[in-house]
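The values are calculated or read from the model by the stated rules, or taken from the named source; none is laboratory data. Only a predicted model underlies this, so the values are computations on that prediction, with no experimental measurement involved. Ideal geometry is used to build each Cβ from the backbone, glycine not excepted, and the neighbour counts take in all protein chains shown. Just so you know, the surface numbers come from the protein's heavy atoms only, side chains and all, with ligands and any DNA or RNA stripped out. Shrake-Rupley method; radii C 1.70, N 1.55, O 1.52, S 1.80 Å.
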Amino acid sequence: MENMDGIKFLNFYKDKKILVTGHTGFKGSWLTTWLHQLGAEVVGISLDPKTEKDNFVLCQLNKKTKDYRADIRDLKSITQIIEKERPEILFHLAAQPIVIDSYSDPVSNFDINIMGTVNLLEAFRNSSSLMTGVFVTSDKCYDNIEKNYSYKESDSMGGHDPYSASKGAAELVISSYRKSFFSTGDKKIASVRAGNVIGGGDWSPFRLIVDVINGIENKETIEIRNPKAQRPWQHVLEPLGGYLKLAAYMSDSVSFDEGWNFGPESSNIVSVEEILNETIKAYGEGSWLDVSKNEKLHEAQLLSLNIDKAKDKLNWKPLLDLKQTIFYTVEWYKRYKHENVFNICVEQINNYTKLIKKNE
C-alpha cells in the first residue's frame, strides 16, 4: 500500500466522521482524543463515565465530540444515532471489561459482550454510511492452554472464565458476519486483540495499575491476587496506533478484514510482581501484599500474543519498552491533579507519534 506508507496513515482521518462506542471508557477516551487531534469528527456512543476522575471527564471530551448516551444492547437507539450522524468508520470498544465482574454477573457479561457486538454488527450491516469497522475484543479470546506459547490469529477461540468466553464468542460472531454478509468487500470488518493495556485515566476496579495508584494516593498497602502471573503489558497508545493504521488500510483494501493481534514485545511480558515493583519505583512510593491464598476464582497465569502478522502485513510494531510504558502511565497519574489533562494526553500522543515517525 504505497499511498499509506509510514506516518501518512494518520493523515487519513482528517475531516472524516468516526463512530467510537465506549468513548467514555479508558481506551475509548484515548482513541477519541487521538482522532480529535487528527482532525476527525468523532461521534461517541457510550454509557456515562464511571467517575469524575475518568480521562473522558477530565479531558472534557463531551465538548469535543458528538456525545451520545446509549446502551449497546439497545439496537434501536444505536441504529437511530448511526442513521442521524452517518459516520464512515466504526471503532467498537464498548464492553464489560472486568474478569471478576463476569463471575458476579455472568448474564450481563455475556449480554453486553456478545449481544452488544451483534447489535453493532447489525447496525453496521444496515448502515448506508458505515463501510469500515474495527471490533475490539481481547487477548483472552483464545483457548488458553497456559503454556509457553504466543497465540496466533489462526488459533482456536475459547475461554475458561465468563469474560474470556464472551470475548471468544464475540470473535466467532464477528467472523460469522464477515463470511455471511461482508464477503463482497464493499463493507469490511476486522477484530483486534491487545494485551494488558495500561495508561493514564483508567480508574476501573480490579485493575492492577489502578489498585497501585489508589493505594499510593490513599496511603494504603496494595493487595495483589496473583503476583506470579505473567502478562503482556503495553501502553494504551500502542494498540490504538495499530487500530488506527488497520482501519486506514482496510478502507483502501479488502485484504485486511480479518483478526489481528496488537500485543507488546516479549520483553514486556513480565509478572504482576515485576510490573508492581517497577511502577512503585517510578512513582517513588507504595507497597503491596500477596493475598493469593484467599483467591478462589480462576484467572489465567500465562498469556501472550504473537504479533508477527501485524509486523509483516501492517508494518506495525510496539515502540515502548517496559520502563517507557510505565513512565508514560505514572506520568499521567502524577500530573492529573495539577495540570490540564487534555494537554497531558495530547503531549503523550504527540511524543508517541514522533516515535512512529522515527521508526518508519
For residues that are buried (at least 19 other Cβ atoms within 10 Å of the Cβ) and farther than 20 Å from Gln234 by Cβ, tally how many sit in region 133-156. 1
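Based on what the data block shows, is Lys293 in a helix (DSSP H, G or I), modelled with pLDDT of 95 or more and not hydroxyl-bearing (Ser, Thr, Tyr)? Spell out the reasoning first.
Values: in a helix (DSSP H, G or I): yes; modelled with pLDDT of 95 or more: no; not hydroxyl-bearing (Ser, Thr, Tyr): yes.
It is false that Lys293 is in a helix (DSSP H, G or I), modelled with pLDDT of 95 or more and not hydroxyl-bearing (Ser, Thr, Tyr).
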Just wondering, is there one or more residues in region 212-219 that are hydrophobic (A, V, I, L, M, F, W, C), in contact with an Asp or Glu (Cβ under 8 Å, 6 or more places away or on another chain) and closer than 30 Å to Leu10 by Cα? no
Regarding Pro264, is this residue more than 14 Å from Trp316 (Cβ to Cβ) and either touching an Asp or Glu at 6+ places or on another chain (Cβ under 6 Å) or outside any helix (DSSP H, G or I) (or both)? no
Regarding Gly159, is this residue touching a Phe, Trp or Tyr at 6+ places or on another chain (Cβ under 7 Å) and not charged (D, E, K, R)? no
Which pairs do you get when a residue that is at positive phi, found in region 206-225, comes within reach of a residue that is among the β-branched types (Val, Ile, Thr), reach meaning Cβ atoms under 6 angstrom, with the pair 6+ apart or on two chains? Phe206/Ile98; Phe206/Ile100
If a residue counts only when it is of a type in the set (A, V, I, L, M, F, W, C) and in contact (Cβ under 8 Å) with a residue 24 or more places away in the chain, which strands (runs of 3 or more DSSP E) contained entirely in region 8-85 have at least 3 such residues? 17-21, 41-46
When region 91-134 is checked residue by residue, the ones that are among the charged types (D, E, K, R) and over 15 Å from Asp161 (Cβ atoms) are Asp111, Glu122, Arg125
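Listed here are the residues, each with its yes/no results for (1) of a type in the set (A, V, I, L, M, F, W, C); (2) touching a helix residue (DSSP H, G or I) at 6+ places or on another chain (Cβ under 6 Å).
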site: Thr221; (1), (2): no, no
site: Pro227; (1), (2): no, yes
site: Trp233; (1), (2): yes, yes
site: Tyr243; (1), (2): no, no
site: Ala247; (1), (2): yes, no
site: Met250; (1), (2): yes, yes
site: Ser253; (1), (2): no, no
site: Ile275; (1), (2): yes, no
site: Tyr283; (1), (2): no, yes
Hits in region 313-349 - residues which are surrounded by fewer than 16 Cβ atoms within 10 Å (Cβ to Cβ) and not in a helix (DSSP H, G or I): Asp321, Lys337, His338, Glu339, Asn340
Restricting to region 86-104, count the residues that are among the small types (Gly, Ala, Ser) and outside any helix (DSSP H, G or I). 2
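The rows are residues; the columns are (1) of a type in the set (Val, Ile, Thr); (2) open to solvent by 10 Å² or more (accessible area, probe 1.4 Å); (3) not in a helix (DSSP H, G or I).
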residue: Gly185; (1), (2), (3): no, yes, yes
residue: Val192; (1), (2), (3): yes, no, yes
residue: Glu220; (1), (2), (3): no, yes, yes
residue: Arg231; (1), (2), (3): no, yes, yes
residue: Gly241; (1), (2), (3): no, no, no
residue: Lys245; (1), (2), (3): no, no, no
Take region 269-291 and flag every residue that is over 21 Å from Glu331 (Cβ atoms), open to solvent by 70 Å² or more (accessible area, probe 1.4 Å) and acidic (Asp, Glu). Asp290
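Restricting attention to region 151-173, does a residue exist that is of a type in the set (Phe, Trp, Tyr), over 17 Å from Arg193 (Cβ atoms) and out of contact with any Ser or Thr (no Cβ under 6 Å at 6 or more places or on another chain)? Lay out the reasoning, then the answer.
Within region 151-173, the subset of a type in the set (Phe, Trp, Tyr) is 151, 163.
If we keep only those that are over 17 Å from Arg193 (Cβ atoms) too, we end up with none.
No, because not a single residue in region 151-173 is of a type in the set (Phe, Trp, Tyr), over 17 Å from Arg193 (Cβ atoms) and out of contact with any Ser or Thr (no Cβ under 6 Å at 6 or more places or on another chain).
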By residue number, the members of region 130-171 that are among the charged types (D, E, K, R) and in contact (Cβ under 8 Å) with a residue 40 or more places away in the chain are Asp139, Lys140, Glu146, Lys147, Lys152, Glu153, Asp161, Lys167, Glu171
